Amino acid sequence: MSMRKKIFVLYALGLILLGVVLFLALRHGDSESEEADQKEKKVLSPQTEEAYRAVPSDAVLIFDFEQLGHVSQMLKDTSSFAYGLIDSVSSLGAFQDKLFMAGAEESHSLFSLHYSAINEVSLLQITDMSAPEGVSDIQKSLESGASSSRNYNSHKIYTLPSGLKVAIDKNLVLASSSSICLESSLRHLDAGNSILENQDFYSVLKGTGGEECLYINHKQIGKLFSGSVSYSFLKYSDFIMRMATWSALEINPRQRNFISFEGVLTDNGDFINFAAVLGGQKPYQSKAQAILPASTMFAAILDLHSLKGYVKDYEKYLDANKKYSSYLSNQERIALPDAPTPMEWLASEGFTEAVSAFCLVGGKFEWVTLLYKNSTSLLGRITGIKGKGEYQAPAEFVYKGYVPAVLGEIFSHNPEDQFCKTEDWTIIGSANAVGEFYKGKVNAVKLDKYLSRTPASSFFSEKGVAKAIVNIREGADTLLTVFNKYFRGRITSSLRKKNFEYVTINICPSDGKAMANLSFYAAALSIPPQMFDEEDEEVVFIDSTFKTFWGPFPLVDPDKGDTTWFEQSKKYLSISYMDKNKKGIWGIPMKDTIKNFADLIKLDDGKTYITFILGDKLYRMNRRGAHYTGYPKQLDVEVALGPQVIRENGQYRMLIITGENIITKRDVNGEKVQGWTDIHAPEFTREMPQETVLFGKRYYILRTVSKLRIYTPEGEELTAKNIKRPISRESTVTEDKDGFVKVMGMDGKEFLFNLTTGRIKKL
């Protein structure tokens, strides 16, 4: 098999999931969970169980969406990473419009993948139309719009002109392009059995409480490979099948630019699953981003801080899978005479991190192995290495095969001809690759800088025991050889619309379990990151990553000063009003997510009302839980955060951050305020501007992800022309004299900035 066909082998799971994500597309939604909600007891509802009874027992993957609308939003948003990844005229895509017309936007929906024929993977959609009128509307639509129908057992199967097959069972609407798949679902319903009979899966499902998740059946993953990848890669499904029994990865969509899946790889304490090996390690923060070049197309990173512990567990895994004897035989075969064994050599060198990377170096793609150990300056002097940034001259690498013999096949693609060293890193590879590292030609732009102005900038700050990265955009030619014709076509279509696409995988243990995070990033950056260009250009993009705050929010009475409380349940989305001791007074179920703010306002009628936003609707309720007339009101913008209620000239105003990274000011009715200029910050804005008074005048201080910007009460930026000395987001703003304020620059040095003229002075 050629080298190009081996590139993404062990991490094919991430790539296959990417293909599935592209097929299904995804949604807007909440981000990181709060600690308090993690303690909330997770209960599996009867309605959720009923929907799963329609999932056949041979499901390979199951996507669980609380609302069908969560899928559609991404499909129709032209600025979304998912736009264009599924044909709107496809049989399944077109059917969603029928469901929405019948009121299914808020309906619980499952999408399961099944191996329905030779090398064919089919999708089954199950939507719970709990409202009787919704089922009735769909029934009427099918009766009038189907090209044909037939009876199957006790059900009628409709075939739409697009070829999609649809059936109804009580409140469940079932749809698939495959008759085999749909009939299997109906047989399971009639027989009263389903995927719930699989005890491993049922245990996982109860553990999540039926939250929005991606469930992976590792024992069936070989079938997904058969229907998704090209023939050359089928044999590598074995590793993924042995990764775990089931994986439950919570879907964490981060709006436009990336989507992530995070959860547990279950192993039932059995070392036949590789998850048991990873779950026993301790997480660390990788150093690889500082040595890997920006031209890295793929990298697999392994923690070796506890090398002996890792190898011990790895040997248990090999023994459980009857591969331990061949593992030992291979080490004995390649061991040099009168030299340490591969394991002894790795242990004696004290390496704490191992990286296998595929990079563009010297005008060609090369595999390199990078081994890290935190050396001392004394050791550097002894070995003749002058410092962390300087390299020891290349030399022949005599321990060929030692690294892959201990750490696995992912390190076996490297020719291991030569090596060179810095104080901390050992680089192994071909003479060309090692020579490029030694001459510094691959380090003009490092990976950390390449990612610094992209949505994936925080990946390497996350601790873990194993990581992988794939540069989909730059490595597309090689990546596409993995997939079959269908998925290759969908990915190619997506690449035309984005100039940055990346996949990251991070595995981090928690309580002895391997927790996995798979993220897919995609964006149309105004200036894409450069692999070989050192110019420090400003890249403008909207990351749209918010941490959702569910409350409790303090509600301060504008007349009496008393404080009551308001919050939303993450699990059930119900809102609650509480007294000063946070004792519940009332609770009301809701369908959308709060946008991090709630406050009290006093209207002209002399009464106070709770004001907040759910989804893109402005709510106004009295303290008994009754809606104000005409509310909730649909706003004319997509809301990311808000409303932050402020007082301005005796009137209430609301600040809102939109999904387009724009800060707008509205009156209490959600209408635009005259005289206000919307703030369009070039960098992503995670927080509201704060009002401050300087020299007796009001200003807004806005802290974006990287800079501090100052605005007038009308929204005019005073720091817009201050390009050469931007202000750090960590800076304080203090009065000096003559209209100058003291601030701190991005370089950590303080200077003076004039609020009237924009002039700067050195201190």
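Here the dipole of the range 295-443 is about 180 debye; that uses its Cα centre as origin and unit charges on the Cβ of Lys and Arg (positive) and Asp and Glu (negative). Counting 0.36 nm for each residue step from Arg759 to Phe695 and taking away their Cα separation leaves a gain of 21.4 nm. In a solvent-free Debye calculation with one equal scatterer on each Cα, what is log10 I(q)/I(0) for the range 685-763 at q = 0.14, 0.17, 0.21, 0.25 Å⁻¹, listed in the order of the q values? Results for the range 685-763 at q = 0.14, 0.17, 0.21, 0.25 Å⁻¹ read -0.38, -0.58, -0.92, -1.36. Counting every C-alpha pair in the range 573-635, the share spaced more than 16 angstrom apart comes to 46%. Taking 25 °C and 0.890 mPa s as conditions, the range 311-360 diffuses translationally at an estimated 192 µm²/s according to Stokes-Einstein applied to its Kirkwood radius (Cα pairs). The H on the amide N of Ser107, modeled in the peptide plane, is under 5 Å from the matching H of Leu68, Gly69, each at least 5 residues off or on a different chain. Put in line by how crowded their Cβ is, counting other Cβ atoms within 10 Å and starting with the fewest, Val639, Val398 read Val398, Val639. Listed values for the range 593-601 are Karplus-derived 3J(HN,Hα) couplings in whole Hz (6.51 cos²θ - 1.76 cosθ + 1.60, θ = phi - 60°), namely 9, 5, 9, 6, 9, 7, 7, 9, 10, and x replaces Gly and Pro.
My understanding is that a pair violates if its Cα-Cα distance is over 18 Å; which of Lys364/Lys439; Lys602/Lys697; Lys595/Lys633 do that in this structure? Working shown, then result.
On the way: Lys364/Lys439 16 Å; Lys602/Lys697 26 Å; Lys595/Lys633 15 Å.
Exceeds cut-off: Lys602/Lys697.
Placing +1 on each Lys and Arg Cβ and -1 on each Asp and Glu Cβ, with no other charges, gives the range 584-683 a dipole about its Cα centre of roughly 500 debye. The distance between label points at Lys170 and Arg150 comes to 2.7 nm (points 7 Å beyond Cα on the Cα→Cβ vector).
If you wrap a convex hull around the Cα atoms of the range 546-676, how much volume per residue is inside, in Å³? Don't skip to the answer; put the middle values down first.
Values: hull volume 14.6 nm³, N = 131.
Taking the convex hull of the Cα positions in the range 546-676, it is 111 Å³ per residue.
For the range 295-443, the alpha carbon positions stretch 45, 36, 28 Å along the principal axes, listed from largest to smallest. Figure legend: label point modelled 7 angstrom from the Cα of Leu328 along Cα→Cβ; residues of the range 393-408 with amide N under 20 Å from it are 402-408. Between Glu638 and Gly659, the built amide H atoms are under 5 Å apart, and every one of these is 5 or more places off in sequence or on another chain.
Applied to the range 400-406, the Karplus parametrisation 6.51 cos²θ - 1.76 cosθ + 1.60 on θ = phi - 60° returns per-residue 3J(HN,Hα) values of 4, x, 5, 5, x, 4, 9 Hz, with x for Gly and Pro. Residues whose amide H lies under 5 Å from that of Phe612, counting only those 5 or more places away or on a different chain, are Tyr619; hydrogens are built 1.01 Å from N in the peptide plane. Distance between the 7 Å Cα→Cβ label points at Ala720 and Asp338: 7.7 nm.
Laboratory data are not the source of any read-out in this text; all were calculated from the coordinates shown. Quick caveat: nothing in here was measured; it's all calculated off a predicted structure. Quick reminder, even Gly has a Cβ in these numbers, built from the backbone with ideal geometry, and neighbours come from all protein chains shown.
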